[in-house]
Amino acid sequence: MRATDRLSLVFSALSDPTRRDMVTRLSRAPITVGELAGDYEISPPAVSQHLKVLERAGLVTRTTQAQWRTVTLHTEPLDEAAAWVERHRRDWSERLDALEDFLDTTKEHDDDPS
């Protein structure tokens, strides 16, 4: 899968507040689907749908052992998204710094009475 396609899936998955909260909850430790579902006032099928979106984005995996289904967070897609955001934040910061320097130079030139 292309990196941009994966980023689209990650950002789309993170666009929902319930899924963001699930990611936060899972960042502490893997938990069972039942434990995770107990944290939300939504139906079990809705929890399952949210988990499918997170799985599709590569953010979680579900494993089954006997009657227990455990959900585990994978941070690599989050790291990729953070790197993308940081790269663009740095580019904009550099552009804004250059604009500030230009405006300061222009102001100094306009303030010069000679």
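Results, tabulated for the structure shown:
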{"item": "Other-chain or far-sequence residues with amide H under 5 Å of V60's (modelled H)", "result": "E55, H74"}
{"item": "Rounded tilt (10° steps) of 76-111 against the dominant C-alpha axis of the chain", "result": "20"}
{"item": "Spherically averaged projected area in nm², based on the convex hull that wraps the Cα atoms of the chain", "result": "10.4"}
{"item": "10 Å-binned pair-distance histogram of segment 22-86 (Cα, whole percent)", "result": "21, 52, 22, 5, 0"}
{"item": "Between helix 3-14 and the chain: long-axis angle, C-alpha atoms, 0 to 90°, nearest 10", "result": "70"}
{"item": "Helix axis angle, 17-26 relative to the chain longest principal axis, alpha carbon, degrees", "result": "70"}
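Taken together, the values in this text are just the output of simple stated rules run on the coordinates, not laboratory data. All of these numbers come straight from a predicted model, not from anything done at the bench.
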